[in-house]
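Read the structure below first, then the notes.
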Amino acid sequence: MKKSLPLLLAFLILVASIFYARADSRNVVSLGANLDKDQRQQMLDLFGVREGDAEIIETSNKEEREYLQGLVSQDKIGSRAISSAYVEILDEGEGIQVETHNISWVTKEMYANAMVTAGLENARVIAAAPFKVSGTAALTGIMKAFELAADQELSEEAKETANEELVKTGELGEDIGQDKAAALIKAIKERIAREDISSSEDIRRVIIEIAGELDITLTDDHLNSIANLMEKISKLDLDVDKLTDQLENISGHLDNIRETIEENRGLIQQVIAAIQRFFKWLADLLRG
């Protein structure tokens, strides 16, 4: 009995540590309310979750429409709640991590950008559907699951602004490319937060400057849409350090876009210089 006592104590400590870890890091799954039984199981399998491993909630189409009505076309909202999400709270400093499956219109960078605007921190998120969907509605389920998992209520204003950001970034992506759109919105948002910019004139100046740095051509409609969004974001009083830290896991991808643009710009300049040298040589030849 004396020999088995240390083993028993070690076992109890192990069980207690596992229980504490599970209690300290909550996982929540938000399933689209209109999924059938097989589709629900498909989502749980994808998330690697068994019944009892995580709290499972539902998000309805009505809830999705509360945030998306007037922001996005009916075909992107749909009439059924299909998009689902897995949210796991991570340790402090781990930032936002996003995966997507069967999401066609919204990229993981767009989700991460919008999630930080909404106030999400240190979370691993999987947005998914059993078949291809636009992905606009998934943010509603993500925010709902995060509030439950983190036991933290998000600002309604921040959630509404985050949905608008997601939609406007997606629409901009249709014209200039998804990656460029995500990089542009992230860079503008960071500059506005860092310099505490709030006036309409200064916001427009920043948008034009950063678009130029990223070699992105914006129409007047693009400029007006982004400016309206950034005016709302400027009122949220975002912490730029927190914003940068939370997006560190995806920043490398967005920074690669900037590097590619710079490399392409340098290549174009080299080609132009070569053409100029050729015509100078040709002119000298003809004069000779």
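The values are calculated or read from the model by the stated rules, or taken from the named source; none is laboratory data. Small disclaimer: the values here were computed from a predicted structure and weren't measured. With ideal geometry, Cβ positions are generated from the backbone for all residues, glycine too; neighbour counts draw on all protein chains shown.
This table checks each residue for (1) surrounded by fewer than 19 Cβ atoms within 10 Å (Cβ to Cβ); (2) in contact with an Asp or Glu (Cβ under 9 Å, 6 or more places away or on another chain); (3) of a type outside the set (Asp, Glu); (4) touching a residue at least 60 places away in the same chain (Cβ under 8 Å).
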{"position": "Leu46", "(1), (2), (3), (4)": "yes, no, yes, yes"}
{"position": "Gly52", "(1), (2), (3), (4)": "yes, no, yes, no"}
{"position": "Glu64", "(1), (2), (3), (4)": "no, no, no, yes"}
{"position": "Gln69", "(1), (2), (3), (4)": "yes, no, yes, no"}
{"position": "Val72", "(1), (2), (3), (4)": "no, yes, yes, yes"}
{"position": "Arg80", "(1), (2), (3), (4)": "yes, no, yes, no"}
{"position": "Ser83", "(1), (2), (3), (4)": "no, yes, yes, no"}
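Among the residues of segment 116-129, are any out of contact with any helix residue (DSSP H, G or I) (no Cβ under 6 Å at 6 or more places or on another chain) and within 19 Å of Asp75 (Cβ to Cβ)? Yes, segment 116-129 contains at least one residue that is out of contact with any helix residue (DSSP H, G or I) (no Cβ under 6 Å at 6 or more places or on another chain) and within 19 Å of Asp75 (Cβ to Cβ).
Only one entry in Gly141, Gly48 is on the phi > 0 side of the Ramachandran plot and of a type outside the set (D, E, K, R), namely Gly48.
If only one of Ile57, Ile96, Ile89 is surrounded by fewer than 19 Cβ atoms within 10 Å (Cβ to Cβ) and among the β-branched types (Val, Ile, Thr), which one is it?
Ile57
One residue is enough: does segment 107-127 have a residue meeting the conditions touching a Ser or Thr at 6+ places or on another chain (Cβ under 6 Å) and either under 14 Å from Ser30 (Cα atoms) or without any contact (Cβ under 8 Å) to a residue 12 or more places away in the chain (or both)? Yes. Restricted to helices (runs of 4 or more DSSP H) entirely inside segment 197-246, no element has at least 2 residues that are among the small types (Gly, Ala, Ser) and modelled with pLDDT under 95. Taking the conditions (1) within 21 Å of Met143 (Cα to Cα); (2) modelled with pLDDT of 95 or more; (3) part of a helix (DSSP H, G or I) in turn, Gln39 satisfies each one other than (1). Kindly indicate whether Thr219 is farther than 29 Å from Glu66 by Cβ and of a type in the set (Ser, Thr, Tyr). Yes; evaluated as a whole, the condition is true for this residue.
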